[in-house]
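In what follows, a structure is listed as structure tokens, so that the remarks can point back to it.
What follows draws every value from the coordinates through simple rules; no lab data is involved. In this text the structure is predicted, and so the values were computed from the model without any measurement. Cβ sites come from the backbone with ideal geometry, for glycine too, and all protein chains shown count toward neighbours.
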Amino acid sequence: MDVTKTRAAEWIARLHAEDCTELDHDRFRDWLASDPRNGPVFEHLTELWELAGGVAAPSVTVPHQTVRRRAFSRRHALAGLVATVFLAVPSWEGAHASRIEETGTGSIRDIRITPHTHCRLDTQTRLVVGRSGQQARLCHGQVMLSTSGPDAFHLSADGMTVQLHGQTAADIRINSGDTEVTAVRGKVFLSAAALRAAGRWVMPGQRLRMYRNGGWNIDYPDLETLLSWQGGELVFRNQPLADVIQEINRYASRQIVLSAPRLASQRLSGVYHVRQGDAFLQMLPRLLPLRIRPAHNAYEIVAL
């Protein structure tokens with residue numbers, strides 16, 4: 001294994017040790033933030049470890065002096081086992097997936113994972129469903145996940161695990177700089193290394209954003225705007241033109257290029273219908289001082 005994988009294996013062992021401290025968690029977050037490659041590698045090894053039968057740390061508190069030597073050896077043994085798992089077990093998708101669900105550009109699709117678990121996939125989304133039917137991995141994109149049964153469903157997404165059970169629904173989205181989890185109906189439990197061992201509940205109406213550097217925050221988004229994609233619409237409320245274009249480009253086969261930086265902060269409000277294609281471009285010159293010109297496999301926006 002390379003240095004990153006070796007270090008990730010050591011962190012899995014450290015975080016499972018009986019004497020793991022708050023300082024260890026702080027140092028772990030520093031390690032995550034030090035390199036954008038660390039998070040995905042850690043997540044992948046953690047999944048392989050858990051799927052191969054890894055167990056969580058004991059909950060019994062043992063006096064510090066009596067566990068120091070034993071925890072040290074156990075930690076190194078765990079690190080070795082994680083390394084072995086990574087080398088011996090094929091990729092999660094090949095070895096543990098029952099199916100892979102994907103959507104293309106501009107496509108929105110509904111699937112039923114189990115009789116009690118429904119999922120709507122947004123554009124450019126990839127979802128890997130585990131053999132048990134009670135777990136899945138969101139590789140990229142956005143999903144609306146709804147459960148109605150007594151069994152817990154676990155969704156992993158970019159270093160975190162979202163747990164839903166009962167009458168629960170959540171919107172999960174992976175962005176370039178963060179991952180969002182919004183509790184739409186009921187509350188969902190979220191675990192991630194950056195949240196420390198206990199994890200936390202995301203209450204109805206809350207959105208938790210987990211950033212690539214290990215930081216996170218909670219806010220209360222406008223749910224109508226957030227969930228408008230499910231009906232094939234994108235609702236914008238006083239948003240910068242640059243952000244509007246970035247969002248629309250997720251659904252467009254022919255990308256929009258903003259070549260007028262001074263227009264990037266101009267704000268727009270309105271509704272974009274995904275299936276109406278170029279309607280947004282036809283409307284834009286009526287609202288802002290710009291013109292649209294065709295470019296190679298794209299549309300270029302230039303200022304007047």
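Could I have the simple spin-label model distance between residue 185 and residue 237, label points 7 Å from Cα toward Cβ, reported in nm to one decimal?
Placing both labels 7 Å beyond Cα along the Cβ direction yields 2.2 nm.
Between residue 262 and residue 282, with labels modelled 7 Å along Cα→Cβ, what's the label distance in nm to one decimal, could you check?
3.0
For the pair residue 247/residue 295, report the inter-label distance in nm, with labels modelled 7 Å from Cα in the Cβ direction.
2.2
Rounded to the nearest 0.05, what FRET efficiency do residue 26 and residue 269 give with R0 = 35 Å and r taken as the Cβ-Cβ distance? Could you check?
0.25
Ranking request for peptides 268-276, 173-181, 155-163: highest mean number of other beta-carbon atoms within 10 Å first, then the rest in descending order.
155-163, 173-181, 268-276
Work out, step by step, the length gained on full extension between residue 303 and residue 148: first 0.36 nm times the residue separation, then minus their alpha carbon distance; give nm to one decimal. Each step should come with its number before you reach the end.
Numbers: separation 155, 0.36 × 155 = 55.80 nm, distance 5.09 nm.
Taking 0.36 nm per residue and subtracting the Cα distance, the gain is 50.7 nm.
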